[in-house]
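Quick note: the coordinates plus some simple rules give every number you see, no bench work behind them. The structure presented is a predicted model; accordingly, all values stated were derived computationally and were not measured. Don't worry about glycine lacking a Cβ; one is built from the backbone with ideal geometry, like all the others, and counts go over all protein chains shown.
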Amino acid sequence: MSAFSDQVKGNWNQIKGQLKQEYGQLTDDDLAFQEGKENEILGRLQEKLGKTKAEVKDIIDSIGK
């Protein structure tokens, strides 16, 4: 498991709350986390936010720290 996956799994409730505050267009369905499916959530966030995968990871990294 990657460091990114560990961070998402360990802090997802905090990250999800911050993302909803920052990006009001995100729904609970957009932010539904399933262990082992980190790439799916990255894809949903990419599509909704109009950002690259790297940009989405950077956003999540900055929130999770």
Legend entry - Failed criterion for I15 (all others in (1) surrounded by 13 or more Cβ atoms within 10 Å (Cβ to Cβ); (2) over 9 Å from the mean Cα position of the chain (by Cα) hold): (2)
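Does the stretch 47-59 contain at least one residue that is in contact (Cβ under 8 Å) with a residue 12 or more places away in the chain, over 18 Å from D6 (Cβ atoms) and more than 9 Å from the chain's Cα centre (by Cα)?
yes
I'd like to check something: does the stretch 34-46 contain any residue that is in contact with a Lys or Arg (Cβ under 7 Å, 6 or more places away or on another chain) and either free of Cβ contacts under 8 Å to residues at least 12 places away in the same chain or on the phi > 0 side of the Ramachandran plot (or both)?
yes
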Legend entry - All positions within the stretch 1-35 that are within 16 Å of V56 (Cα to Cα) and aliphatic (A, V, I, L, M): A3, V8, I15, L19, L26, L31, A32
